[in-house]
Structure formats: C-alpha cells, structure tokens
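The values are calculated or read from the model by the stated rules, or taken from the named source; none is laboratory data. Everything numeric in this text was worked out from a predicted model, so none of it was measured. FYI the Cβ positions are ideal-geometry reconstructions off the backbone, even for glycines, and counts take in every protein chain you see.
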Amino acid sequence: MEIELKVLNWAQADLEELAELTWEARMASPLWVEGQSVKFFKDYIKGRRDRWPESQVVIAQRDGKMVGWLALITEDPLTFELWRWHPFIKPDEDQELIADQLLQACKEISQGKGAQRLEVCCHTQNQHLTPEVEDYRQIQGSWYEKNGLMLSDETVYMTRTSSEIDLLPEPTYPEPFSICNYHPHLKRTLYEVYLLAFSTGEDRSFLNLTAEGAKAQFDRYLGNDLNPQTSIILLRGGQPIGFSLVQTRKGVGDEHMALIAITPKHQRQGWGRKLLATSMLSAAKEGEKLFSLGVDLVNEPAFQLYNSMGFEVQTKLVTYIWKNES
C-alpha cells in the first residue's frame with residue numbers, strides 16, 4: 001500500500017495514538033531511557049501542544065494505520081521548526097521512505113506559508129553521547145540532508161553550579177573600560193556590536209541567518225526572560241564594545257547566557273572571560289543555583305574558554321536547516 005499523508009490540527013489529532021507510536025519508535029532506538037512509558041510521551045506531547053497550540057501535525061498512514069508522524073511549529077513568521085525528537089516512525093516500516101515523505105510535506109507547508117527557513121534541532125543528553133547514538137544521529141541527518149535540510153551547527157549546552165562560581169575572583173575593569181547593567185536604551189547600539197562581532201566570527205547559527213532573521217533572533221534574546229541584573233555591558237569611554245546577555249529561565253531553573261559578544265578590535269584580550277565571570281557572580285549573588293550556556297563546537301577557542309572556567313557538557317544539539325530560496 002502507498003503511504004498517505006494527512007495534515008491535522010490538534011483538535012483532529014489522537015494524542016494516545018501519537019504517544020503509542022512515539023513510545024514504539026523510541027524503544028527501538030539507542031535513545032531509549034528505562035522507565036519511559038506511553039503516558040510519559042503522552043504528557044510530553046500534551047505539553048508541546050499546550051506550548052505551541054498552532055502546531056500542525058503531519059501523519060503518515062499505510063492501509064489506514066499510522067506509521068509515522070511529526071509536528072511543525074512556527075517559531076516566528078519567518079522560521080518554522082520541527083520538534084527535536086522528530087520524525088517518529090514505526091520500527092518495522094521503511095524508515096527512509098516515510099521520513100522522506102514527512103519531511104517533504106513540511107517543506108511544502110513552510111514554503112506555502114512564506115517561511116524563509118525550516119529547521120530541526122536534534123537533542124542528545126550527556127548519557128547518550130556515545131558512538132552508537134552518533135551513528136543513529138548520522139542516519140537521521142542523512143534524511144534531513146536528502147530533503148534539503150543541511151547541517152547548520154553542532155552546539156553543546158554546558159553548566160556550572162553556583163557553589164563553584166563563588167570561587168571566582170571578582171574581575172576588574174581598568175580605565176578607560178567600565179561596565180554597566182543592560183538597559184533598553186542601549187538596544188540599538190548593542191545590535192551593532194552583535195553584528196560586528198558575529199559577522200567576522202565562525203558561529204554557523206548566525207552565518208546561516210538572513211538579515212531579517214538576525215534581527216529577529218537578537219530581539220528574542222532581549223525578550224521577557226532577560227535578566228538586566230546579570231546582563232553586563234562592557235564600555236570603553238562610555239561606548240559599548242561588548243556584552244553578555246543572560247536570561248532567567250524559570251521553566252529550566254537556570255541563568256542562561258543567551259549571547260556574549262565583543263567587537264573584533266577588542267577580541268582575544270580576555271574581555272569575554274571577564275564579562276562571563278561578572279555575569280556568573282551576579283547570578284550567584286541573586287541566589288541562582290545553576291548557570292548555563294551554549295557554544296558551537298566549531299568555535300574551539302570559546303569551547304576551551306568555557307571548559308577552563310569549569311563548565312561541563314550536559315547536552316549536544318545538532319541543527320539542520322532548509323532555506324527558502326524561491
């Protein structure tokens with residue numbers, strides 16, 4: 001029988017059926033975690049549904065029975081995203097064929113709605129950073145790349161606890177350098193610093209953005225989660241030349257360095273280390289227990305810096321993107 005695709009909204013989707021297939025697919029993969037149940041996946045799907053109620057659910061059926069599915073969310077009007085654990089495919093079915101059709105459908109939906117890009121971020125926890133999982137992810141990556149979603153970046157998520165942060169020495173900023181906390185009136189100047197710093201760097205997630213996408217991403221960094229008390233601006237003669245923007249993520253329970261940037265002229269002079277340490281100490285003084293950050297592995301100097309400051313890898317995120325060139 002041919003594969004039939006259906007595009008549903010949440011009112012049309014059967015959460016129990018989605019959870020059953022997700023459980024089967026995960027059990028057959030090296031990402032399986034002992035104790036995960038159908039209820040666990042149903043609760044996960046329900047949580048994502050409640051967070052992104054406008055998601056579209058794309059299901060693949062053979063002979064009237066569901067054999068695969070994924071969900072498509074709108075991150076912003078220009079960017080659509082596949083959930084991190086997708087696509088889910090029944091273990092005894094033709095994995096590549098079903099993945100191809102599901103991914104092609106999502107591309108067509110994204111293109112039809114005028115999205116500039118479609119992305120998927122594969123999430124691997126530290127206990128799964130094994131050769132077996134790496135091989136599994138390579139297979140998934142081949143599905144994405146076959147359908148035009150090309151490798152964008154490989155980012156690791158790193159953390160350090162406040163008990164370790166308290167041991168850091170307080171950084172000093174000799175004249176003409178100084179620091180201040182973030183204030184909205186600095187937004188335009190900081191965006192210029194952001195563009196200068198990242199346009200000459202190696203961060204693939206930035207280099208793959210359009211001008212509109214870069215602006216939208218920067219605006220998201222300055223969203224409701226931004227903590228002005230732990231977000232530090234580096235000044236030279238009163239003019240911003242760098243910053244560390246930190247978010248308080250209530251749902252995760254950490255202070256997260258969303259973005260750190262230094263203008264090219266002042267890079268490799270130790271300012272990044274000082275800014276990060278100042279933000280970390282500010283967070284610890286506020287009683288926060290965990291400080292986190294993410295770094296693209298192509299940026300070896302930054303990874304080594306964070307590693308030297310006591311951060312440990314917790315998860316790895318590999319992102320694939322398709323750009324709408326039409």
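Does the stretch 121-144 hold any residues that are hydroxyl-bearing (Ser, Thr, Tyr) and surrounded by fewer than 18 Cβ atoms within 10 Å (Cβ to Cβ), and which are they? The answer is 130, 136, 142. Tallying residues that are among the aliphatic types (A, V, I, L, M), loosely packed, with under 14 Cβ neighbours inside 10 Å and at pLDDT 95 or above within the stretch 1-26 yields 0.
The selection criterion, being outside the structural domain of residue 208 (by TED's automatic domain parsing) and either touching a residue at least 12 places away in the same chain (Cβ under 8 Å) or of a type in the set (S, T, N, Q) (or both), does not hold for residue 271.
None of 56, 111 is farther than 21 Å from residue 20 by Cα and touching a residue at least 12 places away in the same chain (Cβ under 8 Å) except 111.
Report the residue count in the stretch 219-253 for those that are at pLDDT below 95 and hydrophobic (A, V, I, L, M, F, W, C). The number of residues fulfilling the criteria is 2. Considering only the stretch 197-207, I want to know if a residue exists there that is within 22 Å of residue 247 (Cβ to Cβ), among the aromatic types (Phe, Trp, Tyr) and not in a loop (DSSP other than H, G, I, E, B). Scanning the stretch 197-207, I find at least one residue that is within 22 Å of residue 247 (Cβ to Cβ), among the aromatic types (Phe, Trp, Tyr) and not in a loop (DSSP other than H, G, I, E, B), so the answer is yes. Whether any residue in the stretch 206-218 is in contact with a strand residue (DSSP E or B) (Cβ under 7 Å, 6 or more places away or on another chain) and either among the aliphatic types (A, V, I, L, M) or modelled with pLDDT of 90 or more (or both) is what I want to check. Yes: the stretch 206-218 contains one or more residues that are in contact with a strand residue (DSSP E or B) (Cβ under 7 Å, 6 or more places away or on another chain) and either among the aliphatic types (A, V, I, L, M) or modelled with pLDDT of 90 or more (or both).
Taking residue 39, is it surrounded by 14 or more Cβ atoms within 10 Å (Cβ to Cβ) and charged (D, E, K, R)? Considered against the rule, which asks whether it is surrounded by 14 or more Cβ atoms within 10 Å (Cβ to Cβ) and charged (D, E, K, R), residue 39 comes out as no.
Scanning the stretch 288-302 for residues that are free of Cβ contacts under 8 Å to residues at least 60 places away in the same chain and either part of a loop (DSSP other than H, G, I, E, B) or touching a strand residue (DSSP E or B) at 6+ places or on another chain (Cβ under 7 Å) (or both) yields one hit, 302. Confirm whether residue 118 is surrounded by 16 or more Cβ atoms within 10 Å (Cβ to Cβ) and either within 22 Å of the chain's Cα centre (by Cα) or among the basic types (Lys, Arg) (or both). It is true that residue 118 is surrounded by 16 or more Cβ atoms within 10 Å (Cβ to Cβ) and either within 22 Å of the chain's Cα centre (by Cα) or among the basic types (Lys, Arg) (or both). Screening residue 139 with (1) of a type outside the set (Asp, Glu); (2) touching a strand residue (DSSP E or B) at 6+ places or on another chain (Cβ under 8 Å); (3) more than 20 Å from residue 205 (Cβ to Cβ); (4) not assigned by TED's automatic domain parsing to the domain that holds residue 262 gives one miss only, at (2).
In the set 269, 239, 247, 229, only one residue is surrounded by 17 or more Cβ atoms within 10 Å (Cβ to Cβ) and either among the polar types (S, T, N, Q) or over 23 Å from the mean Cα position of the chain (by Cα) (or both); that residue is 247. Taking the numbered list (1) surrounded by fewer than 18 Cβ atoms within 10 Å (Cβ to Cβ); (2) at negative phi; (3) modelled with pLDDT under 95 in turn, residue 61 passes all entries but (3).
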